[in-house]
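Heads up, the thing below is written out as structure tokens.
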Amino acid sequence: MKSFNTYRLGEIAQIVDGSLIGNDDFEINRLAIDSRTLVLANKSLFFALVGERHNGHDYIKDLYQKGIRAFVVSENINHDEFEDCNFILVPDSLKALQQLGAYHRQKFSYPVIAITGSNGKTIVKEWLYQMLNPFFRIVRSPKSYNSQVGVPISVWQMSKEDEIGIFEAGISMPNEMVNLQSIIQPTIGIFTHLGSAHRENFKDSRSLLLEKLKLFEHCDCIIYCSDDAMVDQEIVCRYEEHKKLLSWSKTQEASLQVISETADGKFTNIKALFKGEIREINLPFCDIASIENAMHCWLCLIHLGLSDKKIADGLSELQAVAMRLELKEGQNNCLLINDFYNSDLGSLSIALDLINQHAQGRKKTIILSDILQSGFKTQDLYSQVAELVSLKKVDKIVGIGDKLSSQAKQFECESIFYPTTEAFLKAFDSNGYKNEIILIRGARNFRFERISSALQYKAHRTILEVNMTAMVHNLNYFRSLLKPKTKLMVMVKAFSYGSGSSEIANLLQYHRVDYLAVAIADEGVELRTDGISTPIVVMNPELHSFETMIDYHLEPEIYSLSVLKSFELVLKSSGLKNYPIHLKLDTGMYRMGFNDSEIEELIAYLKDNSFFHIRSIFSHLSGSDEEIHDDYTESQIEKLKAWSNQICSAFTYKIDRHILNTAGIERFPEAQFEMVRLGIGLYGVSATKQDQLMNVSTLKTTISQVKWVDEGQTVGYSRKGKLTKKSRIGIIPIGYADGFNRRLSNGVGEVVVNGQNAPVVGNICMDMCMIDLTDIKAEEGDSAIIFGDDYPLSEIAKKLDTIPYEILTTVSRRVKRIYFQE
């Protein structure tokens, strides 16, 4: 069984140049940086990292209650509050984490491969793992742990049982790579590709390249593609004299020179020269990126001394790397997390963290196959799996495979085992799975997609994909614009702009936003029922919903004295006092809210009123997204400032204020007050900085049928789609009942099929529409994108003379939402 890395705190204090307050001999074998994903607290050392928007020191009390007794801190802590606790005080907790990682790396002398580049790092790493794992014990970065924090956590996994290490290194700012180099200390370097990612933080592409190349300063060998002239020139100039350089090329002489490349639609045959001999491989991919990634792997395997047969066999059997985990709606109120094709032990912990993140009261179940080619003895391997399942508080395991079944006694939770996937499906009863979150995780040859299909809620083939990773990126972008103490309220009204309320709210709660906001009480009740505990503001409270709001701890917007008095009557009958409320002022939207003539009366009513506690005072901007309205926006901001000061001065407690929406956050940073409200920006729409955001939602469907229709014929209702030539017509199962606006009929709208725009033909029907595929190579079963990365929301909004909000919020609830996260 793989040993854990055990260190004494006294030893660690010396390594990181820290001062230890506590027991020198206290032992730890795990590192922790996130209070939400804690495992085995009593053996963990928590690093209290400090960032622009977070401070790990804020969670020490919570972690202490969870059982952690060892901390690395950079702020003075009153250790008298924490009995039997140990603290290592350092100037910089991140630097200490990196120092510990670098020290630990020095203990091992086996080959370490480091991979950097703008794209392809994770795929190259995972493919090398797939091909080397049958012959070596491999330690590698979990998922994409390639940052200043992720790299030392990855390197900490190294142990004496391993034979090769494979780690990613990613940078976004100058002078970062030297830190990662000192931690990984690679012996073999792979440079995948130079692209534009993070280019904005560097003077030019060459500056970005030179920063990345610092990773290879002490490598013995560097592997790269010499077809990029600048990459080739810089690597040769810097390293040719004292390192082994292995290049591959399609256009010029290289260590591995491609002489032919033939694709047949599914496979690519490549012949190449290496040391004067022709070598041949077959790849189960045809796209350019996959071929380039595979070439890097091929050259690395040659360098490591694998035989031509082992290399050819491994490359021909490469499996697509699942870069994302899919969350889908299952039957009987179940939520499915599809992680099939991943079955290794290293990333199981990450997948189980995702279960805990999204469980929200559901029973936690994992369907797991045999873990293949792990390098561990069967009993030792499943002992570790059983420990993880127990530590992550999984309620039930369904094991599939002979080896896993043979270790059934190791699992203490509810369990059932089957020898094969076929045996599971034969015994499957959907009624046996109710109100559960189910992680489906298995090796490729177990074909767990069949299990997912059996558990999945059956809906038609039109889906809305929601990219949770992109949403977190957008959230972090807007947080980067805020002052450190500015709070963040996020709008999740209207079914989270069509993206799905509970799933989005759960993600936002996990990332610790300060408030959520809904339009009506029923939306807040749904979130509370699904386990959301973050404070929730109801922006449009109705009088009949006040009792419900109290029952579910929802905080109302109060926009008039009549509403205030009505809510007071309900509070009196409930016997509640100091109930949180949010006062809405009308500074110029002329919608709901108090105006300036009502301020004194409002203060008088609230001044000595024990039933209310004012949490915030706020207003809405009318035109913050357009420069032409800036003077008006400034006047609204000044009104809020003056009126809120008048109110705040009448109370002894602190009251937050907020007026900025998404566009306001970007354009009026001086008006952040104590809080801001993020809306459409979370979903990837910006008034000024669209290039900083990632698309979150993709509405897509599948071509149901393709047929030729003669010239002069008409397509669709009312015979509006008259054909001027013989045309190839595709039928797709999406209509105006799904949110595909009927005004996009007759060539106004279009969808993207295989990278080309296909115009809508005729009138859009309730449940389907027709598209022109005459000049597009497309078949039944191909995807049609309504909006997404290749066809942004803004394009449809322009055609309809509306805003992206409307497009998103009109996507029907009958369209199945699929959530995924990289």
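The values are calculated or read from the model by the stated rules, or taken from the named source; none is laboratory data. This is a predicted model, so every value here is computed, not measured. All Cβ positions, glycine included, derive from the backbone under ideal geometry; neighbour counts span all protein chains shown. Accessible surface is based on the protein model in full, side chains and every heavy atom, while ligands, DNA and RNA are left aside. Shrake-Rupley method; radii C 1.70, N 1.55, O 1.52, S 1.80 Å.
Quick check for you: which residues of segment 7-22 have the amide N under 19 Å from the point 7 Å beyond the Cα of Gln106 toward its beta carbon? Under 19 Å, as judged by backbone N against the label point of Gln106, lie 7-19 of segment 7-22.
Electrostatic bookkeeping for Ala663 treats Lys and Arg as +1 and Asp and Glu as -1; over the other residues with beta carbon under 15 Å from its beta carbon, the sum is -4.
Report the Stokes-Einstein translational diffusion coefficient (µm² s⁻¹, integer) for segment 695-757, Rh taken as the Kirkwood radius over Cα pairs, at 10 °C with viscosity 1.306 mPa s. Calculated translational D: 120 µm²/s. Name the shape class, rounded, prolate or oblate, that the alpha-carbon gyration tensor gives for segment 81-168, where a ≥ b ≥ c are the square roots of its eigenvalues, rounded holds for a/c under 1.5, and otherwise prolate holds if a/b is larger than b/c and oblate otherwise. It is prolate, given that a/c is not under 1.5 and a/b is the larger ratio. Taking amide H as placed 1.01 Å from N in the peptide plane, the amide H of Leu439 sits under 5 Å from that of Ile337, Thr365, Ile366, Ile367, each at least 5 places away or on another chain. The shape of segment 592-687 can be summarised by an equivalent ellipsoid whose semi-axes, obtained from the alpha carbon gyration tensor, come to 27, 15, 10 Å from longest to shortest.
Phi angles of segment 564-581 translate, via the Karplus equation with coefficients 6.51, -1.76, 1.60 and θ = phi - 60°, into HN-Hα couplings of 4, 5, 5, 5, 4, 4, 5, 5, 4, 5, 8, x, 9, 9, 6, 7, x, 9 Hz per residue; Gly and Pro are given as x. Looking at the chain, the DSSP beta bridges with both ends there are about 40 percent antiparallel. Ile183 sits among other residues whose Cβ lies under 14 Å from its own Cβ, and their net charge, with Lys and Arg +1 and Asp and Glu -1, is +1.
If you only keep lysine pairs separated by 8 or more in sequence, or across chains, how many in segment 697-782 come under 16 Å at the Cα atoms?
For segment 697-782, the number of qualifying lysine pairs is 5.
The mean sequence separation of alpha-carbon pairs under 8 Å and at least six residues apart, normalised by the residue count of the chain, gives a relative contact order of 8 percent. With Cα atoms defining each centre, segment 10-43 and segment 721-746 are spaced 62 Å apart in the structure.
Hey, what's the chain come to in accessible area per residue, 1.4 Å probe, Å²?
Per residue, the chain has 43 Å² of solvent-accessible surface.
Segment 750-822 and segment 92-156 have their alpha-carbon centroids 40 Å apart. Going by Cα centres, segment 529-569 and segment 293-337 are how many Å apart? Their Cα centres are 50 Å away from one another.
Residues whose amide H lies under 5 Å from that of Phe594, counting only those 5 or more places away or on a different chain, are Lys584, Leu585, Asp586; hydrogens are built 1.01 Å from N in the peptide plane.
If you take the Cα atoms of segment 177-222, find Rg, then find the Kirkwood Rh from the mean of 1/r over all pairs, what is Rg/Rh? Radius of gyration relative to Kirkwood radius: 0.99. The HN-Hα couplings worked out from phi for segment 10-17 by the Karplus form 6.51 cos²θ - 1.76 cosθ + 1.60 (θ = phi - 60°) are x, 5, 5, 4, 5, 4, 9, 6 Hz, whole numbers, x standing for Gly and Pro. Roughly how compact is segment 696-803, stated as its Cα Rg over 2.2 N^0.38 Å to two decimals? Working it through for segment 696-803, the quotient is 0.99. Ranked by solvent-accessible area (1.4 Å probe, protein heavy atoms only, all chains present), the residues Asp80, Asp370, Asp514, Asp308 order from largest to smallest as Asp80, Asp308, Asp514, Asp370. Within the chain, which is the longest segment that contains none of the chymotrypsin sites (Phe, Trp or Tyr not before Pro) sitting in a DSSP loop with at most 10 other Cβ atoms within 10 Å? Excluding the exposed sites themselves, the longest stretch runs over 1-589. Largest accessible area first, the residues Leu89, Leu569 order themselves as Leu569, Leu89 under a 1.4 Å probe with ligands, DNA and RNA left out. Rounded to whole numbers, the Karplus 3J(HN,Hα) couplings from phi for segment 125-142 are 4, 5, 5, 4, 4, 4, 8, 8, 4, x, 10, 9, 7, 10, 10, 8, 4, x Hz, using 6.51 cos²θ - 1.76 cosθ + 1.60 with θ = phi - 60°, and x at Gly and Pro. Summing +1 for each Lys or Arg and -1 for each Asp or Glu among the other residues whose beta-carbon sits under 13 angstrom from that of Asn757 gives -4.
Towards the positive end of the charge dipole of segment 223-289, with charges on Cβ (+1 Lys, Arg; -1 Asp, Glu), say which of Ser226, Val258, Leu283 has the farthest Cα. Most positive-ward Cα: Leu283.
For segment 670-822, the carbon plus sulfur part of the accessible surface works out to 45%, probe radius 1.4 Å. Think of the chain as having a plus end and a minus end, set by charges on the Cβ of Lys, Arg, Asp and Glu; of Tyr819, His544, Ser718, Ser718 sits farthest toward the positive end of this dipole.
Ordered by 1.4 Å accessible area with all protein chains kept, Thr724, Thr529 run largest first as Thr724, Thr529. Applying both filters, DSSP loop and at most 10 other Cβ atoms within 10 Å, to the GluC sites (Glu not before Pro) of segment 243-285 gives Glu253.
Charges were assigned to the Cβ only: +1 to each Lys and Arg, -1 to each Asp and Glu. The resulting dipole of segment 691-814 about its Cα centre is roughly 500 debye. In segment 159-254, what trypsin sites (Lys or Arg not before Pro) fall in a loop by DSSP, with at most 14 other Cβ atoms inside 10 Å? Those that pass, being in a loop and sparsely packed, are Lys160, Lys203. Taking R0 as 56 Å, what FRET efficiency do you get between Arg742 and Ser610 from their Cβ-Cβ distance, rounded to the nearest 0.05? The pair Arg742/Ser610 has a calculated efficiency of 0.55.
Answer with a single label: of [x] 98, 72, 61; [y] 106, 57, 43; [z] 89, 87, 61, which was calculated as Cα extents along the principal axes in Å from the structure in view? Answer by label: [z].
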